[in-house]
Amino acid sequence: MKDRKNIQWKRSLVLVAMSGLLASCSLPPGMKLLYLQVYHGGECVLETYFDVPDTSTVSEIWDAAGQKPFSTQSAAESLGENKANPLEAKLTGPVEIRISHPASDEINAKLTNLTLRRSSKDSDDWHLPAQEVGRAKKKSSSQGDKPVR
């Protein structure tokens, strides 16, 4: 009798463990780290990293580029030269924005003129403001709402 209860207990435990494993397969997706570069006058003036969910679409990636970055790799000193508004940098002329991830295709947009923002005059967290995100989405080489892998 005791052996039978032991076997039933072990079966129940295995069933619960298997149910837990199956349920864990539907956990939310992971994140991926993306690399953003802004080119102006043939020179890279900004390099940042930001993250998005693995299942993000091109549109969602552009939206995330409009948020404070995860980290800034480099920012040209010329970005902070706007004395009237030190939180903004206005780039005039041709500008190219490139977003890449090692395991996926590159997303880019070529624009004329670009405004970048940062959170404080001493910060290097430059990012695209909402208006520029909208412009970049329209000019993006990769468009659509399919997830980028």
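Of K68/K138; K32/K68; K68/K139, which pairs sit farther than 19 Å apart, going by alpha carbon to alpha carbon? Mind dumping the intermediate values first?
Working: K68/K138 21 Å; K32/K68 16 Å; K68/K139 22 Å.
Correct reply: K68/K138; K68/K139.
Can you order the peptides 45-51, 88-94, 118-124 by their average number of other Cβ atoms within 10 Å per residue, highest first?
On the way: 45-51: 19.1, 88-94: 15.0, 118-124: 13.0.
The densest-packed peptide leads the list: 45-51, 88-94, 118-124.
Return the distance in nm (one decimal) between the two label points of a simple spin-label model at E88 and S104, each offset 7 Å from Cα along Cα→Cβ.
3.0 nm
Please report, in debye to the nearest 20, how large the charge dipole of region 31-139 is about its Cα centre when each Lys and Arg carries +1 at its beta carbon and each Asp and Glu carries -1 there. Please list the in-between numbers first.
Details: 13 positive and 16 negative charges, 86 e Å.
Using Cβ point charges on Lys, Arg, Asp and Glu, region 31-139 gives about 420 debye.
Throughout, read-outs are computed from the coordinates displayed, never taken from laboratory work. Being a predicted model, the structure only gives us computed values, none of them experimental. Neighbour counts run over all protein chains shown; Cβ positions are idealised from the backbone, glycine included.
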